[in-house]
1. How large is Rg over Rh for the range 177-242, taking Rg from the Cα atoms and Rh as the Kirkwood inverse mean of 1/r across Cα pairs?
2. Is the shape of the range 9-170 rounded, prolate or oblate, going by the alpha carbon gyration tensor and its root eigenvalues a ≥ b ≥ c, with a/c under 1.5 for rounded and a/b larger than b/c for prolate?
3. Using Cβ counts within 10 Å as a stand-in for footprinting exposure, how do 119, 114 rank, fewest first?
4. What 222 nm value per residue comes from the helices of the chain, counting each DSSP H run with n ≥ 4 as -39,500 (n - 2.57) and dividing by all residues, nearest 500 deg cm²/dmol?
5. Using Cβ contacts closer than 10 Å as the measure, can you line up 179, 246 from fewest to most?
6. Relative contact order for the range 9-170: what percent, with Cα pairs under 8 Å and sequence separation of 6 or more?
7. Relative to the longest principal axis of the C-alpha atoms of the chain, give the angle of the C-alpha long axis of helix 112-130, reported between 0 and 90° and rounded to the nearest 10°.
8. How high is the FRET efficiency between residue 226 and residue 5 when r is their beta carbon distance and R₀ equals 30 Å, given to the nearest 0.05?
């Protein structure tokens, strides 16, 4: 079974967040732990929203590199200026710029470079909308919570973003058995008696990402043995992956 979007409660929340952000030209933040499907859902949303532009911030990215990479993602060339980017969005009302891994724009150490990178993104948003455009900016933070913006050493600067933030979604660590695990099993054509084992895997390292991987391998193992997927097969695959052994499927 290839990767496809599965309608869990978290997927629906992320879609609603993106739709609201785009419709209302908002500056919006999405927070959530790794492995919860943020990037996968965003990329799926973009397939039906050509007005969206995806940009992934790399670890250790400098201000100059971020500007070049943004220019490349938006304009198709690294040499575009901030003014060129603003003009691009002015010419395309309703555009949405999505910054994934935004935690790399704003590191834990919170240096002067972090402030400049955030200011650069805020300036694009402000300039487009102040010059009569309609433009949204969504920033996706992994393993970071809104509380970081409200307290701590960075809050004096980040607090202004909280005040300007029109929309936010904070995805919790807890995974729902009835609203996430069971819909996934149903989508894979697997029985509900796997739910507790799947729930345990999804709440371990890697979260939902690990669960999807284990389900795919378990189905291959079961097919090879010509038996249904059982809790023992699924648990065995997880234990193999967890110990660094590639499952024999």
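What follows is calculated from the coordinates using simple rules that are stated; it is not laboratory data. Computed from a predicted model, the values in this text were never measured in an experiment. Heads up, the Cβs are rebuilt from the backbone with ideal geometry, glycines too, and the neighbour counts pull from every protein chain shown.
1. Ratio of gyration radius to Kirkwood radius: 0.92.
2. Numbers: a/c = 1.39, a/b = 1.08, b/c = 1.29.
Rounded shape, in that the Cα axes give a/c under 1.5.
3. The fewest-first ordering by Cβ neighbours comes to 119, 114.
4. -15000 deg cm²/dmol
5. Taking fewest neighbouring Cβ atoms as first place, the list is 246, 179.
6. 37
7. So the helix axis and the longest Cα principal axis differ by about 70 degrees.
8. Calculated transfer efficiency: 0.50.
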